[in-house]
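Inspection log for the structure reproduced underneath, given as structure tokens.
The values are calculated or read from the model by the stated rules, or taken from the named source; none is laboratory data. This structure is a prediction, so every number in the text was calculated from the model and none was measured. Cβ atoms come from the backbone with ideal geometry, glycine included; neighbour counts cover every protein chain shown. Calculation scope for accessible area: heavy atoms of the full protein, side chains included, ligands and nucleic acids excluded. Shrake-Rupley method; radii C 1.70, N 1.55, O 1.52, S 1.80 Å.
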Amino acid sequence: MYDSHVALGAQMSPFGGFMMPIQYSDIAAEHLAVREHCGMFDVSHMGEILVTGPDAEAFVNHVFTNDVTTLSPGHVQYGMMLYPEGGVVDDLLVYRMPEPETWLLVVNAANIGKDYGWICQAAGGWNVKVSDDSEHYGQIALQGPDAEKTASDVLGLELSDLVFYTFKETEWNGEKVLASRSGYTGEDGFEFYASPEVTRKIWDAFLSAGVTPCGLGCRDTLRFEVGLPLYGHELGRDISPLEAGLGVFVKLDKPEFIGKDATLALKAAGLKRKLVGMELIDKAIPRAGYPVEADGKQIGEVTTGYHSISTDKSVCLAFVGLPYASLGTEVGIRIRKKVFPGTVCRKRFYDKKYKK
Amino acid sequence: MSKIAEGLLYSGSHEWVKVEGDMAVIGISDFAQKSMGNIVYVDMPDEDDEVVKDEEFGAVESVKAASDLYSPVSGTVVEKNAALDDDPGLLNQDPYANWIIKVRMSDPAETGSLMDSAAYGEFLEKQA
């Protein structure tokens, strides 16, 4: 789809080993289109790993932090894969497919090779088949309050029966499409998985209907505003999901999973740092890697920061030492040569609007 | 195409200078504002701060990234454009009418190394 993006005037940039559109017109305009109406993203770079076989359910539960035994076919779960030491291999979505013993894992583009290797290595001794099907899947995310109506008007797909984090396999123009009510923007919306050829046709159909094409630039500003993590920023090999505030997706009451012991040990010992939100008084922008200071010393580091398009405030996510993590704590953020005053606030700068 | 205002001097890092006696009025070129996109914050030095030719004196922030500003001359800041604090987007609307700082030059001969509008035009073509 590279040529289609370039034809639309997109500014292309390498991301996760792919040339991806960062913006088509303007990040702020694309961002607001998603918040107010709807916009679409070509996220075909995401990875799809299929796990099948008699042990598939037990095996996915072994490598995944959430509890998939509670998942019925047609449902989706968010969670992570952990290293035995408790850090994060990747965060991902697990789809329980309608076919028996079939699970689809949707992973971050930059981590496809690492994840596939990790899963294959972990699969020794389990009666499962693991395959990297990323080449066979494209993906379009249609996001925003008008997404349901747009999918119905443009594709003729009736999706009002889906609630958030459910999906169905359907057909469009006689072609197979997996329609999932999910996304990475904090808005209602859908992620359509199909073959690369059909993905291109879906994109063109939405484009002809006037749907705003959106780049990865506003995908990041949108996910950030609602406090959703991005691997490599809020998650990584040296970060525990507990520190990132994602403990709700780590089911420590499961009998076992990779990383459980380390996570339990960290919980027992107590966290040393935590991911928090911060709001600045000035409009200078705190960006990833900038130091956070208090009491005359560095107490943390920014993971993502923007001038929030929806709220018109300079805000960031940052890891800080636990004594500085409570709401209202006054901190300083070093931006170039100056230190700008800020306050610890909620990680969600803008409220999610999912269809429950 | 980027606009290039006549009668100004330009640096390779896309700042412009308007020389008025020993004073230098400094801003960013149309090419610079276009490549940054929506400007949401301008980090400016304070009055009486020293700036040094080819060294960073502030930054312009868009949604995407921060771009450092490099001083085309050396001297002392006599005024910053406070209007940019309230409306940084002025730099997008008209980058030549909206200056960033005014500097009293310590060595006005330094402007000799800057490009005139014609030379800057050729410079931009080579970059494209």
**Message:** Taking just the alpha carbons, could you work out the radius of gyration and Dmax for segment A:47-132, both in angstroms?
**Reply:** 11.6, 34
**Calculated on alpha-carbon atoms, Rg and Dmax of segment A:154-300 in Å** = 20.6, 65
**Asked** For the residue pair A:Phe164 and A:Lys176, what label-to-label distance in nm results when each label sits 7 Å from Cα along the Cα-to-beta-carbon direction?
**Response** 2.9
**Message:** Compute the distance from the alpha-carbon center of segment A:278-356 to that of segment A:1-59, in whole Å.
**Reply:** 27
**Message:** At 0.890 mPa s and 25 °C, plugging the Kirkwood radius over alpha-carbon pairs of the protein assembly as shown into Stokes-Einstein gives what diffusion coefficient in µm²/s?
**Reply:** 99
**Request:** Determine, from the Cβ-Cβ distance of A:Ala29 and A:Asp261 and an R0 of 45 Å, the FRET efficiency 1/(1 + (r/R0)^6), rounded to the nearest 0.05.
**Result:** 0.40
**Request:** Mind listing the long-range amide H neighbours of A:Thr329? Cut-off is under 5 Å, sequence gap 5 or more, other chains count too, H placed in the peptide plane at 1.01 Å from N.
**Result:** A:Val344
**Fill in**
With -39,500 (n - 2.57) per DSSP H segment of 4 or more residues and division by the full residue count of chain A, the 222 nm estimate, nearest 500 deg cm²/dmol, is -5500 deg cm²/dmol
**Request:** Pairs of Cα atoms under 8 Å, at least six residues apart: use those to get the relative contact order of chain B, whole percent.
**Result:** 31
**Item:** Cleavage-rule hits (GluC sites (Glu not before Pro)) in segment A:238-311: DSSP loop, at most 13 neighbouring Cβ within 10 angstrom
**Value:** A:Glu256
**Fill in**
Among chymotrypsin sites (Phe, Trp or Tyr not before Pro) in segment A:111-206, those in a DSSP loop whose Cβ has at most 14 other Cβ atoms within 10 Å are none
**Message:** Could you put A:Lys338, A:Lys176 in order of accessible surface area, largest first, with the 1.4 Å probe and the full protein assembly present?
**Reply:** A:Lys176, A:Lys338
**Asked** Hey, what did chain A get for relative contact order, percent, Cα under 8 Å, at least 6 apart?
**Response** 18
**Residue mean of other protein chain beta carbons inside 10 Å, A:306-316** = 2
**Prompt:** Once you wrap a convex hull around the alpha carbon atoms of chain B, what is its projected area averaged over all directions, in nm²?
**Reply:** 7.0
**Message:** Suppose each label sits 7 Å from its Cα in the direction of the beta carbon; what would the B:Asp116-A:Ala288 distance come out to in nanometres?
**Reply:** 4.6
**Prompt:** segment A:197-235 to segment A:115-129: how many Å between their Cα centroids?
**Reply:** 30
**Around B:Leu124: net Lys/Arg minus Asp/Glu count, Cβ-Cβ under 15 Å** = -3
**Fill in**
Between A:Ser208 and A:Arg348, Cβ-based FRET efficiency (R0 35 Å, step 0.05) works out to 0.50
**Fill in**
From DSSP H assignment alone, runs of 4+ in chain B each adding -39500 (n - 2.57), the sum over residues rounded to the nearest 500 puts [θ] at 222 nm at -5000 deg cm²/dmol
